[in-house]
Amino acid sequence: MPIRRLPPHVVNQIAAGEVVERPASVVKELLENSLDAGATRIEVSIEGGGLEGIEVADDGGGIAAEELPLAVAPHATSKIEHAADLEQVATLGFRGEALASIASVSAFSIRSCRREETSGAIVEVEGGEVGPVRPAAGAPGTTVTVRHLFMNAPARRKFLKTTATETTRAVEVVRTAAIARPDVAFRVVVDGRVALDLPATAELSHRVAGVLGEEVGAGLLAVEGDPAALPRAWGFVGRPDLSRASSRSQRIYLNGRPIQDRLVVHALREGFRGAMPGDRHPVAVLFLDVAPGEVDVNVHPAKTEVRFRSPEAVHAAVRRAVRAALGGSDLVPSVETDLGSSSWSLRSPRSDAGRSQPILFSGASGTAATSRGAGWTTGATRSPAGFDYAAVAAAIASAVPAPPAPDELDDRPRRRRVLQVGGLFLVSGDEEGLVIVDQHALHERLMFESLRRRITEGPLERQALLAPATASASAEAIEAIESSRMLLERLGFEVEPFGPRTIAVRAVPSLLASRGVEATSFVVDLLERAAAEGPVPDEAAALEDVLAMMACKASVRAGDSLTDAEGEALLGQALESEGAASCPHGRPTMLRIPWSDLRRRFGRSS
Ligand code: ADP
Ligand code: MG
């Protein structure tokens, strides 16, 4: 075949292949145009999964009648003029190809009326053929109607999912866009029924709750970032107990533009490291403010991927902002009881709950005895079941802790009575409810925190072994000794290769030695992991992983019995340390059953 120039409608169809992947892409491009046009109300209608029809109507600035044919022409845009403008794109669109692409694979019409005018015009495009401009009535604004999407692109149709899935994706696009613009009202009608109705609001949190649901909304923590610095990360993250199995529910915006970005997803997880199990993903609505010159948005036809000039700075900003948000919050998850059934479910604590201080289970005079296994035993009015109602009632009533008795006025802020039950759990209470602690998980977290502090001061104390302990290890693990040497030394290990399949451990951290932990297998684990994961890019994260491993081996086990003093000390420390609500692996260390729930359970009206 001779070389020839393709006719424009074929060029457009090829472009459509990139820009218009599915009905949701059409919705996205049309929404962006409406927002760029300064709309304050946008109504989206989706029929038959978007394949039968998509309509987006706005009250934005509109397009002059004589410009309508240009709007649907390829590479025609009012948003940039020079290549240099690409460095500073301030609008959502700029490629000038969306309308032309969409029109080339559908039966398309665009009707528009300029804000200052009383009548508008309409242009229809059928299979790439642009019709004449005709006058049309209508309020100021623009309405784009797309029918029979992919009517002339059967290959594309084959890749689509079910109507329901395509509808969900299209609505999802509106939800995502709506979060970035709470000042704009959005309405979505699916097959004639209102599926989403979001009035304009000045409060981002209202919009987020409107989109993600009240329950998620109540479990969000504000992320502030550093308002004086760029890049800045701000918005909301879900409390750890709102975690999800995938990162799909995360919404990330770069300078107001929804994007997908693995770097940011990773940074979010890093921010949650230790607050959430490693295989879970936090819920997040995260806005990134980056200087326009620091990011390239022109790397993807759908503009959903971007390239940062300094990815490390973005990563660090996100991680730090998330950490700060988690650090300042009470993260103990509440267990709320469903009175209709006997099931108990995890709920987010009230979002307005500040950092709460567990208090003594009962009032001043130590009425609630907490010696192990004894239950609540003192007090005058005992119920037939042996339950010390008076003590519990007093505790419930004491939303404000009672003043401490004189013998409790030592230098500790307050003695916390703790009961060990089931050989594993510690039970206490605070202003908000009954607090139940997993002693191993909590001890592990505290140990981890103190190790983390301790290791910044220098290598951990080591203890030389009289005779080196040997253990077998893979060739890769033995090879990893060299690259892990710094890490091993900081942790207090002295390790050497000892033949092709054997290592020798000459010194171990005193901490592990004193707990009787068999340290050679720990070293082998560590080396095997180093070998499997390759050179670790993030030294600090690697160290945290290892400290978590150490903390786990060295802490109180389930089944270890604690004295009252030990239990009290453990809980006391927990309250003074940040992040104590989860163990270093991210599992919860404590749960709280709100007093209000217990009151309801016991049939008390107030
Ligand atoms: P881009 O958004 O990249 O400029 P499009 O093909 O999406 O390219 O749109 C072409 C042009 O049509 C836009 O630059 C804008 O001037 C005009 N336009 C499209 N949609 C609207 C709308 N809803 N309201 C006002 N103008 C619009
Ligand atoms: Mg556009």
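The values are calculated or read from the model by the stated rules, or taken from the named source; none is laboratory data. From a predicted model like this one, the values you see are computed outputs, not experimental measurements. Note: ideal-geometry Cβ built from the backbone for every residue, glycine included; neighbour counts use all protein chains shown. Keep in mind that these areas ignore ligands, DNA and RNA; they rest on the heavy atoms of the full protein, side chains included. Shrake-Rupley method; radii C 1.70, N 1.55, O 1.52, S 1.80 Å.
So for the stretch 156-169 (the condition being within 16 Å of ligand 2 (Cβ to nearest atom), surrounded by 16 or more Cβ atoms within 10 Å (Cβ to Cβ) and not small (G, A, S)), does at least one residue qualify? Looking through the stretch 156-169, none of the residues is within 16 Å of ligand 2 (Cβ to nearest atom), surrounded by 16 or more Cβ atoms within 10 Å (Cβ to Cβ) and not small (G, A, S). When residues in the stretch 129-147 are screened for being over 19 Å from P74 (Cα atoms) and charged (D, E, K, R), 2 of them pass. Could you check, for the stretch 475-494, whether at least one of its residues is under 30 Å from G567 (Cα atoms) and assigned by TED's automatic domain parsing to the domain that holds K553? For the stretch 475-494, residues under 30 Å from G567 (Cα atoms) and assigned by TED's automatic domain parsing to the domain that holds K553: present. Please work out if T145 is in contact with a Ser or Thr (Cβ under 8 Å, 6 or more places away or on another chain) and either assigned by TED's automatic domain parsing to the domain that holds K303 or at pLDDT 85 or above (or both). So T145 passes the test.
For (1) open to solvent by 50 Å² or more (accessible area, probe 1.4 Å); (2) within 29 Å of the chain's Cα centre (by Cα), each residue gets a yes or a no:
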| site | (1), (2) |
| --- | --- |
| F425 | yes, no |
| D438 | no, yes |
| L442 | no, yes |
| E449 | no, yes |
| E461 | yes, no |
| L491 | no, no |
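Right, V105: within 13 Å of ligand 1 (Cβ to nearest atom) and in the same structural domain as G141 (by TED's automatic domain parsing) or not? Break it down into steps so the answer makes sense when it comes.
Working: within 13 Å of ligand 1 (Cβ to nearest atom): no; in the same structural domain as G141 (by TED's automatic domain parsing): yes.
Against the criterion (within 13 Å of ligand 1 (Cβ to nearest atom) and in the same structural domain as G141 (by TED's automatic domain parsing)), V105 does not qualify.
Scanning the stretch 193-226 for residues that are without any contact (Cβ under 8 Å) to a residue 60 or more places away in the chain, in a loop (DSSP other than H, G, I, E, B) and either in contact with a Gly (Cβ under 9 Å, 6 or more places away or on another chain) or open to solvent by 50 Å² or more (accessible area, probe 1.4 Å) (or both) turns up P199, T201, A202, E203. Total residues in the stretch 256-275 satisfying the condition of being in a loop (DSSP other than H, G, I, E, B) and surrounded by 19 or more Cβ atoms within 10 Å (Cβ to Cβ): the figure is 4.
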